[in-house]
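To start, the structure under review is shown below, and the notes come after it.
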Amino acid sequence: MINASANNWRGPWTLLKKELLRFWRVVFQTVAAPVITALLYLLIFSHVLESHVEVYDGVPYTAFLIPGLIMMSVLQNAFANSSSSLIQSKVMGNIVFILLTPLTHMQFFLAFLIASIVRGLVVGLGIYLVAMWFVDLSLANPWLIIAFALLGSALLGTFGIIAGIWADRFDQMAAFQNFIIMPLTFLSGVFYSIHSLPPFWQKVSLFNPFFYMIDGFRYGFFGKGDVSPIFSLAIVGGAFLVLALITLKMLKSGYKLRS
Amino acid sequence: MSQPAIKINGIHKHFGALHALKGIDLSIEQGEFFALLGPNGAGKSTLINILAGLITPSAGNISVMGYDVNKAYQQARMLLGVVPQELVFDPFFNVREMLRFQAGYFGRGRENDAWVDEILEGLGLADKANTNMRKLSGGMKRRALIAQALAHRPPVIVLDEPTAGVDVELRQMLWEFIKKLNHDGHTIILTTHYLEEAETLCSRVAMMKQGQIVALDKTADLLNKFSGKHLRLTLGDVALPEVIVESVRHVENGVYTFALDDMAQIEFVLSALRTANIKVIDMQLNEADLEDVFLSLVGNTAKGVA
C-alpha cells in the first residue's frame, strides 16, 4: 500500500518554502522597492498636506497617512506575490512540476496563500519600522492591527491566486493590477477619510472592500475610524471566505491548469 | 499476481470536435521497458498527460499499480515520475534546490539526499548541482528535467521524448542511465523520435495512429511479423517494370526500397531490371527494422516520427 498521507505536511511545507525563497531571492524588488515607494508617498503627501489637513482631532496628517500606506502596500504585495508566481510558472511552463505532485488543491492554496501573507506582512513591517523615524505612532488596539493585516493580506493573496490562474499572459495580469487593484486601493481612503468626500462618493466607497481593510487597520492605531472596526472585520472576513471558496473550487476543478 | 504498472481502459479524449483518443486499451507490466511510437498528432502526449493527471479523459480510466489516476491521484502520482516533453525550468533556483523541492513535494526530506546525489552523478550533473537552472545549456536542462522526475524515486517512469534535440553523446549517456534504472526494477515508458532506440531498448512497443493503437507487441515479435529483407537500390529516375512494382515499399530521390521474403527474390528483381535495361547505381541489403514496421503500419506520412 502506498501511503500518500505519510509526511503529508512536508509536501505543502516544501511548496511554501519554495514560494518564500522565490520572493526572498529578489528581495530588492519584492520588499525594498515597495518600502521605498511607500516612503516617497509619505514624504511628498506629508510635506504638501501636513499643515493643511487634520482628518481626526489631534492626529497629524502624517500619522493618519502611515497606516493607510502600510495597508496599501501589504495588500498590493500580497496580491503581487501569488499572482506573479503563478503567471510566471504558467508562462514558463514550470507549473507542471507542481501539477505532477500529490499535493491536494487545499495544500496548493495554503502554500500560495501563506507565502502571500508573509510577503505582505514583511513589506508592511518594513514600512512601519522606517516610518517610526518620522512620527510617533500610537497603537490603540494591536490585535485589530494584526487581524486586519492578516485578513487583508489573505484576501489579496487569494485574489492573486485567482488572477494568476485566470490570466494567460502578462498583459492580462497587468490589466488586473492597473484596472482593479490600483484604483480600488487608491480610492479606499489611504490618503483621506471618506467623510471628506461628497455624499455620493461616500456611498460608493462603502462598496469598496479595500476601504474596510484600510479603515479597520487604521482604527487599530488611533481608535478612530469611518465605520465600526467589527463591521469592517466582518466584511473583510466574509470577502476572504467567498474568494477562498471560489479559489478552492477553481483549483479542485483544475480550471486553466489542467485540461 | 502483481498489479500492472499501468492499466489503461477505454480512454477517449475529445478536444471540441477533435476525437484525439479513440478508445485506448493498454496494460504495461511492472519492470517493462515500453515504447509508445507514433507520428505527430497520434495522441501519445495526450495519453501521457492523462496518465500524469494533466488532462482529464472524456471516458475511460487509467491506473498506476492499481491506483486510479483521478480517484486515487495522490497514490498514483507518488508512484509516477513524468519527464515532460517541453524544456521547462524554474529560473529562481539551482539544480540541487529544484531536486530537493521536487522530492519534498512528494514527502521526501533530507534522507533522500543520497538518492539526489546518485541521480546527479548518474546524469552527469554533479558539477552543475549549484548552478542556476537558467544558466544551464539545453542538454543540461534536459538532464535536470529527467533528474526532477526521478527525485522522489518513483517505480514507474514516463519519458515523453526525452532525447528530442539531444546530441548523440548525451543520448547514449541518458539511455545507459535509464537502462540501469530499468535493470534496478523501475518500469520505463517512453516516446521517442528515434526508432532504433525503441528497437534496442524496449521489450515491447505500441504504435499509435490517429488516436488509436495500430500495433502492440513484443519488439522481437513485431519485427518477426514483418520479417524479411529490404533491398535498397539506387536507380535514378526510371520507370520500373510492372512485375516488380508491387514489391516496392518506399521511393525517395531515386532510391527504391523493395521488401523481399527471401534471398531468391533478389535475383528476380535484378533480372527484371536488366531486362528493362535499367542500370543499378548502388545496392544495399538490410534486415527489416522497426522503422519498416512503423512505415508499413502508419504509412509514409509517419516519416517525421514523433
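The values are calculated or read from the model by the stated rules, or taken from the named source; none is laboratory data. Because the structure is a prediction, the values reported are computed rather than measured. All Cβ positions, even for glycine, are placed from backbone atoms using ideal geometry, and neighbour counts span all protein chains on display.
A few points about this structure:
- Looking only at the range B:195-210, and only at residues there that are surrounded by fewer than 22 Cβ atoms within 10 Å (Cβ to Cβ) and in a loop (DSSP other than H, G, I, E, B), the one that is nearest to the chain's Cα centre (by Cα): B:203
- Filter result for residue A:115 (buried (at least 24 other Cβ atoms within 10 Å of the Cβ), within 14 Å of chain B (Cβ to nearest Cβ) and assigned to a helix (DSSP H, G or I)): yes
- Of the residues making up the range B:19-50, those that are within 13 Å of another protein chain (Cβ to nearest Cβ) and among the polar types (S, T, N, Q) are B:45, B:46, B:49.
- Residue check, residue A:136 assigned to a helix (DSSP H, G or I), among the charged types (D, E, K, R) and at pLDDT below 95: no
- The set of residues in the range B:1-18 being farther than 18 Å from residue B:58 by Cβ, more than 14 Å from chain A (Cβ to nearest Cβ) and among the hydrophobic types (A, V, I, L, M, F, W, C) consists of B:1, B:6.
Results for (1) of a type in the set (Gly, Ala, Ser); (2) farther than 24 Å from residue B:38 by Cα; (3) out of contact with any Cys (no Cβ under 6 Å at 6 or more places or on another chain), shown as yes or no for each residue.
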| residue | (1), (2), (3) |
| --- | --- |
| B:80 | no, no, yes |
| B:88 | no, no, yes |
| B:91 | no, yes, yes |
| B:111 | no, yes, yes |
| B:133 | no, yes, yes |
| B:145 | no, no, yes |
| B:152 | no, yes, yes |
| B:164 | yes, no, yes |
| B:172 | no, no, yes |
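- Pairs, first within 14 Å of another protein chain (Cβ to nearest Cβ) in the range A:77-92, second basic (Lys, Arg) and buried (at least 24 other Cβ atoms within 10 Å of the Cβ), C-beta under 7 Å, six or more apart: A:81/A:119
- Unique match (being in contact (Cβ under 8 Å) with a residue 12 or more places away in the chain, over 30 Å from residue B:153 (Cα atoms) and among the β-branched types (Val, Ile, Thr)) among A:26, A:74: A:74
- Among the residues of the range A:222-259, the ones that are more than 23 Å from residue A:59 (Cβ to Cβ) and not in a helix (DSSP H, G or I) come to 6 in all.
- In the range A:241-259, the residues that are on the phi > 0 side of the Ramachandran plot reach residues that are of a type in the set (Lys, Arg) and assigned to a helix (DSSP H, G or I) with C-beta atoms within less than 9 angstrom, at least six apart or across chains, in these pairs: A:256/A:90.
- Residues of the range A:96-112 that turn out to be among the aromatic types (Phe, Trp, Tyr) and surrounded by fewer than 20 Cβ atoms within 10 Å (Cβ to Cβ), as a count: 0
- Flag if residue B:181 is out of contact with any strand residue (DSSP E or B) (no Cβ under 8 Å at 6 or more places or on another chain) and in a helix (DSSP H, G or I): no
- Restricting the range B:221-265 to residues that are aliphatic (A, V, I, L, M), in contact (Cβ under 8 Å) with a residue 40 or more places away in the chain and in a helix (DSSP H, G or I) leaves a set whose member that is surrounded by the fewest Cβ atoms within 10 Å (Cβ to Cβ) is B:223.
- For the range B:132-148, filtered to residues that are more than 25 Å from the chain's Cα centre (by Cα) and either modelled with pLDDT under 90 or part of a helix (DSSP H, G or I) (or both), the residue that is farthest from the other protein chains (Cβ to nearest Cβ) is B:135.
- In the range A:231-259, the residue that is farthest from residue A:218 (Cα to Cα) out of those that are of a type in the set (Gly, Ala, Ser) and within 12 Å of chain B (Cβ to nearest Cβ) is A:259.
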